[in-house]
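Inspection log for the structure reproduced underneath, given as structure tokens.
The numbers here are math on the coordinates, done by the rules we state, and not lab data. Remember, predicted model here, so these are calculated numbers, not experimental data. Using ideal geometry, Cβ is built from the backbone for each residue, glycine included, and neighbour counts are taken over all protein chains shown.
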Amino acid sequence: MIRDEIKAALVTAMKSGDKAGTQTLRLISSAIKNRDIELRTSDKAPEDDLLVTEVLQKMIKQRRESVDLYRQGKREELAAAEEAEIAVITRFLPKQMDEAEASAAIQAIIAETGAASMKDMGRVMALVKERHASEIEPARASALVRGLLT
């Protein structure tokens, strides 16, 4: 389980004195606990690895946005710190599909659903998320679906 890998990496980082890694791993653990608390009352709690993957993808998205803003503000040191956090978070994500694999998977879903226009994007994205949530980032999947449906 990804959650166990994160806990083990946190212990290792703390023992080795890696302050940046320890801080990032604590942020990850905190975000996962917050998500667990949000889902306590929910009837539809996703599988554990899927939940952790969603949290990690969200954290990466937030940090990429921060990197862009820091670079626009000419704050390269802060952008570098965010990129270091992205590198730590990415270690725990399942292997991502490359462009060809992702495109093939999405084309198969489009053919299966009979989607023909942008009106069908919601149905296609729902199936993509259901089947490949941990393998394709949602933003990348959305761009691919949009490109294939237009």
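Helices meeting the span-like rule in the chain (full DSSP H runs, Cα extent of at least 27 Å along the helix axis, mean Kyte-Doolittle score of -0.5 or higher): 19-38.
Starting from the eigenvalues of the Cα gyration tensor, five times each then square-rooted, give me the equivalent ellipsoid semi-axes of region 1-78, largest first, whole Å. Write down the numbers at each step before the final one.
Working: eigenvalues 130, 76, 16 Å².
Working from the Cα gyration tensor, I get semi-axes of 25, 19, 9 Å.
With charges set only on the Cβ (+1 for Lys and Arg, -1 for Asp and Glu), what does the dipole of the chain come to about its Cα centre, in debye to the nearest 20? With Lys and Arg at +1 and Asp and Glu at -1, about 400 debye.
Measuring nothing but how far apart in sequence close Cα pairs (under 8 Å, 6+ apart) lie, relative to its length, the chain scores a relative contact order of 22 percent.
Separation of region 88-136 from region 1-41 is 27 Å, based on Cα centroids. Could you tell me which residue out of Q23, A45, S117 lies farthest along the dipole of the chain toward its positive end? Charges go on the beta carbon: Lys and Arg +1, Asp and Glu -1, centred on the Cα centre. Positive-end residue among those listed: Q23. Under 15 Å of direct C-alpha separation, and excluding same-chain neighbours fewer than eight residues apart, K7 reaches these aspartates and glutamates: D18, D48, D49.
All C-alpha pair distances within the chain, sorted into 10 Å bins from zero, spread as 10, 32, 32, 21, 5, 0 percent across the bins. Which lysines does K74 reach when only Cα atoms under 23 Å apart count, and residues fewer than 8 places away in its own chain are ignored? Leaving aside lysines fewer than 8 places away in the same chain, those within reach of K74 are K61.
With springs connecting C-alpha atoms under 10 Å apart, model the chain as a Gaussian network and identify which of K44, K129, K58 has the largest mean-square fluctuation. Of K44, K129, K58, the Gaussian network model singles out K44 as fluctuating most. Distance between the pseudo-spin-label points of S30 and D98 (7 Å out from Cα toward the beta carbon): 3.8 nm. Here the contact order of region 53-124, divided by its residue count and restricted to Cα pairs under 8 Å and six or more residues apart, works out to 27 percent.
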